[in-house]
Amino acid sequence: MSQHFNYRHLYYFWVVAKEGGMSRAAARLDMAVQTVSAQVRELERDLGVQLLRPEGRGVALTEAGQRAMQQADVIFEAGEALPGLLRERDGAGPAVRLALGISDTLPKLVVRHLVQPVLATPGLRLLCHEQRFDDLLGNLAVHKLDLVLADRPAPPHAGLKVFNHAMGSSALAWYGTAELAAHAKKRFPLGLADVPMLLPAANAAVRPHIDRWLMQHGVAARVVGEFEDSALLKIFAAGGLGVFPAPSLVHQQLLAQYGVRHIGALDGVVEHFYGISTERRVVHPLVRRMVSPAQA
């Protein structure tokens with residue numbers, strides 16, 4: 001063991017970074033905030049670098065802190081997995097943890113499609129956290145998440161070093177119950193003005209493109225609902241509240257799961273899907289399997 005720093009101090013730093021603040025880390029460790037803070041400062045003195053800097057009500061990793069966090073992840077995640085490995089019986093493999101952040105505007109059937117390549121992994125322990133996009137990027141930066149799935153790339157940010165991986169795209173089409181679809185099809189696309197419409201919320205990346213498509217085709221939309229949660233939108237649509245746009249990528253699942261009918265395409269409108277990581281070259285084996293080979 002290295003004599004240049006205390007591994008217990010490194011563990012306190014790791015917990016602070018995971019929790020995003022001294023107070024939450026102290027609660028997790030059942031220690032006083034002042035004690036945790038002092039131990040992290042001691043680690044910084046031993047290493048000769050600043051690892052954390054204040055940000056809002058919490059802390060953020062410095063560039064040196066990000067490098068230290070990558071190594072601490074390897075050390076302590078392996079340590080946390082050790083009891084499970086020692087308790088393995090009957091040849092059962094170790095659990096493989098994958099923590100995903102799901103943007104609240106990303107269609108849930110698309111999420112299932114994007115995660116499909118790893119679902120058969122033996123011992124998979126899948127942790128899914130759905131939040132607003134900015135909150136997900138914050139949790140990714142402090143290594144609470146392995147990958148963020150979103151409908152947009154992460155924007156450039158001076159204090160946030162993340163990388164975008166293109167994971168696919170899909171054209172969009174209109175769907176609705178049999179009754180609404182029959183009305184909308186009569187003079188599509190203008191027939192869409194004759195039926196109520198459900199749309200993704202204004203913060204969805206594809207929403208401006210849908211609005212532009214409606215305007216270009218002269219459709220005076222009668223919008224009766226806007227949803228951040230795409231699954232909730234489809235539940236209301238299946239009950240006949242309105243027609244809705246959805247990725248053609250999951251066409252068969254839409255028909256089978258929600259009992260809706262295809263109305264017509266939003267020609268020229270494409271929704272893109274991204275995986276966002278803290279490293280350009282992904283090291284987590286399951287994340288590497290999910291993202292585009294050209295980007296991993």
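Peptides 269-277, 256-264, 61-69 ordered by packing proxy, namely the average of other Cβ atoms within 10 Å per residue, highest first: 269-277, 61-69, 256-264. Our estimate of slack between Arg289 and Gln70, defined as 0.36 nm per intervening residue step minus the Cα-Cα distance, is 76.9 nm.
Among Ala202, Val260, Gly242, which residue has its Cα furthest toward the positive end of the charge dipole of region 170-294, with +1 on Lys/Arg Cβ and -1 on Asp/Glu Cβ? Toward the positive end, the furthest listed residue is Val260. Multiplying the residue separation of Leu232 and Val96 by 0.36 nm and subtracting their alpha-carbon distance yields 45.9 nm. Karplus-derived 3J(HN,Hα) values for region 150-157, using 6.51 cos²θ - 1.76 cosθ + 1.60 with θ = phi - 60°, are 8, 9, 7, x, 6, x, x, 8 Hz; glycine and proline are entered as x. The phi torsions of region 106-123, fed into the Karplus equation with coefficients 6.51, -1.76 and 1.60 and a -60° offset, translate into couplings of 7, x, 5, 5, 5, 4, 4, 5, 5, 8, 3, x, 10, 5, 8, 5, x, x Hz, rounded to whole numbers, with Gly and Pro shown as x. In the chain, helices alone account for a calculated mean residue ellipticity at 222 nm of -12000 deg cm²/dmol, with every DSSP H run of four or more residues adding -39,500 (n - 2.57). Of the labelled figures (1) 18.8; (2) 21.6; (3) 19.5, only one reflects Kirkwood radius over Cα pairs in Å as derived from the coordinates, namely (2). Packing-based ranking of 172-181, 111-120 yields 172-181, 111-120, ordered from highest to lowest mean Cβ neighbour count within 10 Å.
Applying 1/(1 + (r/R0)^6) with r as the Cβ-Cβ distance of Ala265 and Cys128 and R0 = 25 angstrom yields a FRET efficiency of 0.25.
Each part reduced to its alpha carbon centroid, region 218-269 and region 22-63 end up 47 Å apart.
When you restrict to C-alpha pairs under 8 Å that are six or more residues apart and normalise by the size of region 107-264, the relative contact order lands at 30 percent. Distant-in-sequence amide contacts of Met167, defined by a placed amide H-H separation under 5 Å and a gap of 5 or more residues or a different chain, comprise Phe273, Tyr274, Gly275. Most tightly packed first, judged by the mean number of other beta-carbon atoms within 10 Å of their residues, the peptides 28-34, 124-130 read 124-130, 28-34.
Between Ala32 and Gln253, what FRET efficiency comes out of the Förster formula 1/(1 + (r/R0)^6) with R0 = 41 Å and r the beta carbon distance, rounded to 0.05?
Details: r = 51 Å, r/R0 = 1.25.
It comes out at approximately 0.20.
Taking the 1.4 Å solvent-accessible surface of the chain as the whole, the part contributed by carbon and sulfur is 53%. Taking all protein chains into account, the per residue accessible area for region 149-262 stands at 47 Å² (1.4 Å probe).
For the chain, what does the relative contact order come out to in percent, with C-alpha contacts under 8 Å and a separation of six or more? Worked out over the chain, it gives 20 percent. The slack between Phe188 and Arg212, meaning 0.36 nm per residue of separation minus the straight C-alpha distance, is 7.0 nm. If both residues of a DSSP beta bridge must be in the chain, then about 60% of such bridges are antiparallel.
The values are calculated or read from the model by the stated rules, or taken from the named source; none is laboratory data. Bear in mind the structure is a predicted one, so any value in this text is a computation, not a measurement. Cβ coordinates were reconstructed from backbone atoms using ideal geometry, including for glycine residues, and neighbour counts include every protein chain displayed. Just the protein is used for accessible areas: all its heavy atoms, side chains included, with ligands, DNA and RNA removed. Shrake-Rupley method; radii C 1.70, N 1.55, O 1.52, S 1.80 Å.
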